[in-house]
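The values are calculated or read from the model by the stated rules, or taken from the named source; none is laboratory data. As the structure is a prediction and not an experimental result, all values here were calculated from the model. Backbone-built Cβ (ideal geometry, glycine too); neighbour counts: all protein chains shown. Just the protein is used for accessible areas: all its heavy atoms, side chains included, with ligands, DNA and RNA removed. Shrake-Rupley method; radii C 1.70, N 1.55, O 1.52, S 1.80 Å.
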Amino acid sequence: MQQPNIDWANLPFGYLPTDYNVRCYYRNGAWGEIETSSSEFINIHMAATCLHYGQEAFEGLKAYRCPDGKIRAFRIEENAARMQHTAQGILMAEMPTDKFCEMVRRVILLNERFIPPYETGAALYIRPLLIGTGPQVGVRPANEYLLLMFVTPVGPYFKGGFSTNNYVIVREYDRAAPLGTGRFKVGGNYAASLRANKLAHDNGYACEFYLDAKEKKYIDECGAANFFGIKDGKYITPKSSSILPSITNKSLQQIALDLGLQVECRPIPEEELATFEEAGACGTAAVISPIGKIDDLENGNSYVISKDGKPGPVSTKLYNTLRNIQYGIEPDRHGWITIIE
Ligand SMILES: *Cc1c(COP(=O)(O)O)cnc(C)c1O
C-alpha cells in the first residue's frame, strides 16, 4: 500500500481528495447495489429536489487507526438510525442499517491508506450524504435518491492539547424552530446558522450558542455540538425539540453513569450557566470542547465557567474515557465499536 504524501501532523478539518467514494441509488422504490466511484463529482438532474427544496441529509463519523494496528469505527449503527430518522423527517428514502454499515466499511477499506497513523492524533472522517435526485418542480418529495459516502483525513481537533474555548449566545438568529427540523441532520439547519456562526467568529469566539427559539430562555445547543454542564456530581444536558441528538452526547451520558455521576436531561435556563463547575460542547469533531466562558452580548452577561482557563477534571475524565474506548485502549463495554476488516 503506497503511503499518500500527507503531512499528518498538520492536517486541518477540511477536504482532501482520497481514492474512492461509494454510492447507492434508490430508484423504482428500491435501493440498488453499492457502487464504487473514483470521481469527486456527481451528475444530477437540474430539477433535483435537493437543489430546490432542501431534500438533503448528512452524517459524520470517524474511523481510527489504533495502537493495536486495527481500524475501529464508533457507533456506526447509531449514525444509520439517525439518518433514517432524518429521512423520515423530510420524507426521503430510508437506507436499512445493514446496508449503511456495509457502505461505511467499504469506503473505509477502499481508502485505507488515508487513515492517519495512531501517533498523529488525526482520524479518517466519513461523510454520508443523502440527497433527493429525482426532478420535481412543484414542492413534493423526489422519487429517486442517492446515498453517497466519501472520506477525508482530518487533523486532531486540539493541536496544542485538550483546552478550553469561548462561546457566545447569539439572539439575532435562530437555527431551528421548536417544531422545525432542528432534530434532523439536514443542511438547511446549517444554512440558517451561517450568519450567526460568522458573527461569533468575527467577534473572536469559537462558536455560537443558540437559545430555544420560542422563549429565548433555555440553552439549546451550539453550532454543531450539543451542550453539557457539570455540577454537584451531575451531568446535565438540555432537553429540547430543536436539538440534534448527538451520538457523542449520548455516549458521554452513559460514561457519566458508568463513572458514578447522575445524568439529567432537562431544560437549562441561561442563568443556570453561572452555576456550573464545568461545561463543554460535544460532538464527533472534538469529542468534548471544554468551555472557558459563554458571553451573552445582548444583556452583557458573561458566564465564566473555567476560572483558571483549563478543562475541569470531570470533562477531562469523560474525554479520555471516550477516546480510549474509540482507540481500543479501554474495553468496549457497551458494544459501540466496529472493527473494520
Ligand atoms: C452532528 C451534530 C452534532 C453532533 O452530533 P455527533 O453525533 O455527536 O457528532 C450536534 N449538533 C448538530 C447541530 C449537529 O449537526
Only one of Tyr53, Tyr125, Tyr118, Tyr64 is in contact with a helix residue (DSSP H, G or I) (Cβ under 6 Å, 6 or more places away or on another chain), on the phi < 0 side of the Ramachandran plot and of a type in the set (Ser, Thr, Tyr); which?
Tyr64
Of the candidates Gly54, Gly69, the one satisfying the condition of being without any contact (Cβ under 8 Å) to a residue 24 or more places away in the chain and not in a strand (DSSP E or B) is Gly69
Among the residues of segment 161-180, what is the count of those that are open to solvent by 50 Å² or more (accessible area, probe 1.4 Å) and within 21 Å of Ile131 (Cα to Cα)?
0
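Every residue, every condition in (1) modelled with pLDDT of 95 or more; (2) over 16 Å from the mean Cα position of the chain (by Cα), yes or no:
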site: Ile219; (1), (2): yes, yes
site: Gly223; (1), (2): no, no
site: Leu244; (1), (2): yes, no
site: Asp258; (1), (2): yes, yes
site: Leu261; (1), (2): yes, yes
site: Cys265; (1), (2): yes, yes
site: Gly280; (1), (2): yes, no
site: Thr284; (1), (2): yes, no
Within segment 41-65, residues open to solvent by 10 Å² or more (accessible area, probe 1.4 Å), closer than 27 Å to Trp336 by Cβ and among the hydrophobic types (A, V, I, L, M, F, W, C) come out as Phe58
Which of the numbered conditions does Lys62 fail, given that it passes all the others? Conditions: (1) in contact with a Phe, Trp or Tyr (Cβ under 6 Å, 6 or more places away or on another chain); (2) among the basic types (Lys, Arg); (3) over 19 Å from Gly121 (Cβ atoms).
(3)
Residues in segment 222-250 that are open to solvent by 10 Å² or more (accessible area, probe 1.4 Å) and away from the ligand (no atom under 11 Å from the Cβ) total 8
Members of segment 321-339 that are within 26 Å of Glu278 (Cα to Cα), buried (at least 16 other Cβ atoms within 10 Å of the Cβ) and either more than 21 Å from the chain's Cα centre (by Cα) or not hydrophobic (A, V, I, L, M, F, W, C) (or both)
Thr321, Arg323, Gln326, Tyr327
